[in-house]
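Colleague: Mind having a look at this structure? Questions to follow.
Derivation of every value follows stated rules applied to the coordinates shown; laboratory data play no part. Keep in mind it's a predicted model, so treat the numbers as computed, not measured. For neighbour counting, all protein chains shown are included, and Cβ atoms are generated from backbone atoms with ideal geometry for every residue, glycine included.
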Amino acid sequence: MSTVNCQLSIVVPLFNERESLPELLVQLSAAMGEKELHALFQEPFAYEIIMVDDGSTDDSCSLIGGMIPSRPDLRLISFQRNFGKTAALSAGFMAATGDYVCTIDADLQDDPFAIKEMIKKLQEGYDLVSGWKQQRKDPLSKTIPSKLFNGVTRLFSGIAIHDFNCGLKVYRQEVTRRLELHGDMHRYIPVLAHWMGFRIAELPVNHHARKFGSTKYGTSRFFSGLLDFLSVLFITRYLRRPMHFFGMAGLASFVFGFLISLYLTLDKILLQRPVSNRPILFLGILLLILGVQLFSTGLLGEMLSTSSSRGSTFTVRETLNLTPGQAKQFNTTDKF
Ligand code: UDP
Ligand code: MG
């Protein structure tokens, strides 16, 4: 298998999904055997399934381990402990060798037979096709907050998709190679990819109720989700220019503080009115100090962003007529 070019890597993050795994593998194999899927590729179709065991405490890991000798298409990455879905996806992306990379949840809620349609869509000229759980089969306690999350993310990101956090997505490998995920940022992958200039599409997919086990995300996810949202907002807007954020706020604060102090000083000198017993004095001092602090934070941010920058401030789609040496500089499949 390793000598054949792998067209599709399927990354499956899993945490205590023992009951679902046998059926998932049957479904995936059936979906990978479909002629319509093979017809989308010029070369003979080859795929791999990368299971990322996110520190399961049931026997998910040994179950997969036991299947591997008879399944050359199966790979396993097993974490020391539970690091979260984002980390599991990152590990899968690092290992993926396919030209296309697909992610799917292990809990049988996503439909692997939709993968071929998503690849078809990708081949229309997109870099990332995200599933849309149009008829979501989850309890209201999940669907209502999720509508809110999607609405807010759509509003702030300007990306016109309905379902940012669908487990089923298909990417070109360039995208998965370049995504840098941390925290719980898998929910914002379309936002990060969009920011990097990748073209994103959405396709309605079937969704099923959870058959076995239980959801790994309780209500706490909405708080951590909010903080991650702020990080994503900051990263996509100000990562390369922190001064624009901190500098502006610092400048505004300093100017207000300065005006207040100036007013009080003139008041004291010209009208001989006492200053020390006036609350506005403290506001003035506070704003001045805050302004300087924000400004210095912006400067520090600039220094950090300059020194840690690896030059990857842009994403190249293609190059024409460059010498091989020149083209290597812009190889979109390489991180640079
Ligand atoms: N998952 C994981 N690590 C975690 C939590 C979840 O790998 O810490 C996997 C989980 O096994 C499943 C997928 O991520 O394959 C989606 O999780 P879940 O079904 O619990 O999320 P929901 O569908 O309820 O949003
Ligand atoms: Mg699920």
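Colleague: Express in % the proportion of alpha carbon pairs of the chain at distances exceeding 34 Å. Mind showing how you got there, number by number?
Modeller: Working: 20803 of 56280 pairs.
Cα-Cα pairs in the chain separated by more than 34 Å: 37 percent.
Colleague: Can you pick out the pairs among K35/K147; K133/K328; K85/K147; K35/K142; K147/K328 whose Cα atoms lie more than 32 Å from each other?
Modeller: Details: K35/K147 36 Å; K133/K328 39 Å; K85/K147 20 Å; K35/K142 36 Å; K147/K328 43 Å.
Going by Cα-Cα distance, K35/K147; K133/K328; K35/K142; K147/K328 fall outside the 32 Å limit.
Colleague: Please sort 184-192, 300-308 by packing, taking for each peptide the average over its residues of neighbouring beta carbons within 10 angstrom, highest first.
Modeller: On the way: 184-192: 23.0, 300-308: 12.3.
Result, highest mean first: 184-192, 300-308.
Colleague: P(r) of the stretch 1-121 in 5 Å steps, Cα pairs, percent per bin?
Modeller: Calculated P(r), rounded to whole percents: 2, 12, 23, 25, 21, 11, 5, 1, 0.
Colleague: Tell me which of S296, A114, H194 sits at the most positive position along the dipole axis of the chain, charges placed on C-beta atoms (Lys, Arg +1; Asp, Glu -1).
Modeller: The Cα lying farthest towards the positive end belongs to S296.
Colleague: Right, next: Would you list D127, D59 from fewest to most Cβ contacts within 10 Å? Kindly include the intermediate steps, with their values, before the conclusion.
Modeller: Numbers: D127 22, D59 13.
By the 10 Å Cβ count, ascending: D59, D127.
Colleague: Another question about this same structure. Given only helices, namely DSSP H runs of n ≥ 4 each adding -39500 (n - 2.57), what is the per-residue ellipticity at 222 nm of the chain, to the nearest 500 deg cm²/dmol?
Modeller: Numbers: 12 runs with 160 residues, N = 336.
When only DSSP H runs of four or more count, the value is -15000 deg cm²/dmol.
Colleague: Another question, then. With the contact rule set at Cα under 8 Å and sequence spacing of 6 or more, what percent relative contact order holds for the chain?
Modeller: Details: 513 pairs, mean separation 56.5, N = 336.
Relative contact order for the chain comes out at 17 percent.
Colleague: At 25 °C and a viscosity of 0.890 mPa s, what translational diffusion coefficient does Stokes-Einstein give for the stretch 161-252, taking Rh as the Kirkwood radius over Cα pairs? Give it in µm²/s as a whole number.
Modeller: Estimated via Stokes-Einstein, D reaches 158 µm²/s.
Colleague: Further question: Rounded to the nearest 20 Debye, what is the dipole magnitude of the chain about its Cα centre when Lys and Arg each give +1 and Asp and Glu each give -1 at the C-beta?
Modeller: Values: 35 positive and 31 negative charges, 256 e Å.
The calculated dipole for the chain is roughly 1240 debye.
Colleague: Sort 315-325, 114-124 by packing, meaning the average of other beta carbons within 10 Å per residue, with the highest value first. Provide the component values of the computation, followed by the final result.
Modeller: Working: 315-325: 9.3, 114-124: 18.6.
Packing proxy ranking, top to bottom: 114-124, 315-325.
Colleague: Have a look at I104, I285, I64 and tell me which one the Gaussian network model of the chain (Cα, springs below 10 Å) gives the largest fluctuation.
Modeller: Evaluated over the chain, the most mobile residue of the options is I285.
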